[in-house]
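First up is the structure itself, then whatever we jot down about it.
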Amino acid sequence: MMLLGSLQGFQYFQPWLRGKEELLLTVVNEDAVWQSHYPFPAPNVLSVQCQDQNLRLSPSREEMAGNMEDMVPPASPYEREISMPGTNCTLFLLAVYAKYQHPYVWIRSSHERFVNVNKNDALAHDSPLKLKSISEWNVKSIHIWNVVAELVQLCTIPPPLNPLALDMKYFESLPLTERLLSSGAVAKFLQRLVTDTSSIDKDYYHLALEDLSAITKFHFQTLRDIWLHKAQQNTEISDEEKPDELSL
């Protein structure tokens, strides 16, 4: 969790570490590219009423039916949550508390997109989601990024082919030094991801490889740009010193 929480530059989510056990996660609700092409909701993503009248889900989230665990409270209750999601985002709390033995995820905003709950019902707000990745935590090779990927595919409309996709425009917007450090950190993360094939869904494995290739190339291009920038600075300093040398 510490590894993923320290990274930025993903297209569909943004993580923030909060202490050693908690990760705040903002996940995009609707893909901006998809919105520009389809300004109205497509029929297969419209919310429908389930047999359980307490749940309000979309067909693409069928696995979330009965999606609230029994009361398992987080160390940071909903009523004390001060973080706010950005526009077109849902905020989640992903935590790995020692006392629970495995991760849990709690919704922290936009509850109405997933469940019908009373705004004053603190117990409902502090009940974690049932997720396939978490249910398999102790029986398969599951990592925090598998949980994040499942959240993205459940939350973002339409579900992205690669929930861990990178946002290259983010890296391009950074100053040179920060660009080098950020791209290198993400490249190392993706290397670990694609090397351990048991920890990544085969449906987007090839897309992760493409992102790794792109960010690695970008990283070394940035390194070259920094070298050229420093070389130019040294040349300018040298040119400024020449008149003084001539006057001597």
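Numbers at a glance
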read-out	value
Rh (Kirkwood; distinct C-alpha pairs) - region 120-196, Å	15.2
Extension gain from residue 201 to residue 81, taking 0.36 nm per residue of separation minus the Cα-Cα distance	40.0 nm
Share of carbon and sulfur in the accessible heavy-atom surface of region 85-211 [1.4 Å probe, %]	53
Length added when fully stretched, residue 112-residue 135, from 0.36 nm per residue minus Cα-Cα	5.9 nm
Point-to-point label distance, residue 174-residue 230, nm (Cα→Cβ direction, 7 Å offset)	1.8
Percentage, to the nearest whole number, of Cα pairs in region 154-203 over 15 Å apart	59
Accessible area (Å², 1.4 Å probe, nearest 10) - residue 139	120
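The values are calculated or read from the model by the stated rules, or taken from the named source; none is laboratory data. Note that the coordinates shown come from a computational prediction; the quantities given were computed from them, not determined experimentally. Every residue, glycine as well, gets a Cβ built from its backbone with ideal geometry; the counts of neighbours run over all protein chains shown. In case anyone asks, the SASA skips ligands and DNA or RNA and just uses the protein heavy atoms, side chains included. Shrake-Rupley method; radii C 1.70, N 1.55, O 1.52, S 1.80 Å.
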